[in-house]
1. Can you confirm whether residue 6 is among the charged types (D, E, K, R) and free of Cβ contacts under 8 Å to residues at least 60 places away in the same chain?
2. Residues in region 114-126: is at least one at pLDDT 90 or above and within 30 Å of residue 56 (Cα to Cα)?
3. All but one of (1) over 19 Å from residue 117 (Cβ atoms); (2) open to solvent by 40 Å² or more (accessible area, probe 1.4 Å) hold for residue 31; state the number of the condition that does not hold.
4. How do the helices (runs of 4 or more DSSP H) wholly within region 77-196 filter down when requiring 2 or more residues that are among the hydrophobic types (A, V, I, L, M, F, W, C) and buried (at least 19 other Cβ atoms within 10 Å of the Cβ): which remain?
5. For region 14-40, give me each residue that is under 17 Å from residue 56 (Cβ atoms) and of a type in the set (Phe, Trp, Tyr).
6. Name the residues in region 37-63 that are of a type in the set (D, E, K, R) and within 15 Å of the chain's Cα centre (by Cα), would you?
Amino acid sequence: MTTLPRLAADTRYVLTGFPVALASLVLCVTTFSLGAGLAVLWVGVPLLLAALGLARTFAVAERDRISAVLGTPVPQPAYGTGARRVLTDPRSWADLAHALLRWIPNTISFSVVVGWWAAALGSLTWSLWGWSLPDGPDDHELPELIGLGDGYLTAVVFYLVLAAFFAVTLPAVARTAARFEAECSRALLGRPHDGA
């Protein structure tokens with residue numbers, strides 16, 4: 001895949017993963033906690049099954065998503081059916097662990113990718129909006145703080161150089177962030193040789 005489509009795919013993977021990670025965390029934690037708390041009354045058992053089912057749904061979708069990022073298929077495991085089988089299947093609990101933990105690498109990846117994009121775009125467009133920033137005695141631009149001077153042209157050139165740096169490194173940063181997140185998910189969801 002060429003650079004721009006790969007950058008778009010990696011950025012899309014990381015950015016769309018963030019709301020999915022939040023949804024999986026909130027839905028699975030809430031359902032599992034309620035089910036575990038009510039399990040002694042047997043009312044919680046269906047809720048535990050629902051939590052495991054939700055985790056499975058998120059896991060199936062994530063295996064497809066990480067296959068696209070890593071370029072290798074991550075096979076879907078053969079899940080057992082029936083309440084007893086679902087509750088005793090280690091794969092179900094691994095899926096739940098993934099649903100509860102995936103927000104950690106996703107938050108890291110999301111923060112880095114969004115920050116890098118913002119730095120690239122903000123630096124590139126600084127000449128269009130930099131003039132509107134306050135110019136009081138205590139307000140200093142980054143070029144002035146590092147000793148390059150306080151001229152507007154100096155700031156424009158500085159931010160264009162900064163934009164070039166962020167733009168050139170953005171594909172590698174997005175790729176690394178996407179691979180980091182995908183590898184963390186694959187570690188929890190199972191590698192092909194795990195029989196998953």
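1. No.
2. Step one: filter region 114-126 for residues at pLDDT 90 or above, giving 114-125.
Imposing the further condition that a residue be within 30 Å of residue 56 (Cα to Cα) reduces the set to 114.
Yes, because at least one residue in region 114-126 is at pLDDT 90 or above and within 30 Å of residue 56 (Cα to Cα).
3. Of everything listed in (1) over 19 Å from residue 117 (Cβ atoms); (2) open to solvent by 40 Å² or more (accessible area, probe 1.4 Å), residue 31 misses just condition (2).
4. On the way: elements: 83-88, 90-101, 103-124, 126-129, 142-145, 152-189.
Qualifying helices (runs of 4 or more DSSP H): 90-101, 103-124, 152-189.
5. Taking region 14-40 first, the residues under 17 Å from residue 56 (Cβ atoms) are 20-21, 23-32, 35.
Once the filter is applied, which keeps residues that are under 17 Å from residue 56 (Cβ atoms) and of a type in the set (Phe, Trp, Tyr), region 14-40 yields only 32.
6. Scanning region 37-63 gives 62, 63.
So that you can scan it fast, the table gives a plain yes or no per residue for (1) on the phi < 0 side of the Ramachandran plot; (2) among the β-branched types (Val, Ile, Thr); (3) modelled with pLDDT under 95:
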| position | (1), (2), (3) |
| --- | --- |
| 13 | yes, no, no |
| 27 | yes, no, no |
| 66 | yes, yes, yes |
| 76 | yes, no, yes |
| 90 | yes, no, yes |
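The values are calculated or read from the model by the stated rules, or taken from the named source; none is laboratory data. Nothing here was measured: the structure is a model prediction, and the numbers come from that model. Note that we place each Cβ from the backbone using ideal geometry, even for glycine, and neighbour counts take in every protein chain shown. In case anyone asks, the SASA skips ligands and DNA or RNA and just uses the protein heavy atoms, side chains included. Shrake-Rupley method; radii C 1.70, N 1.55, O 1.52, S 1.80 Å.
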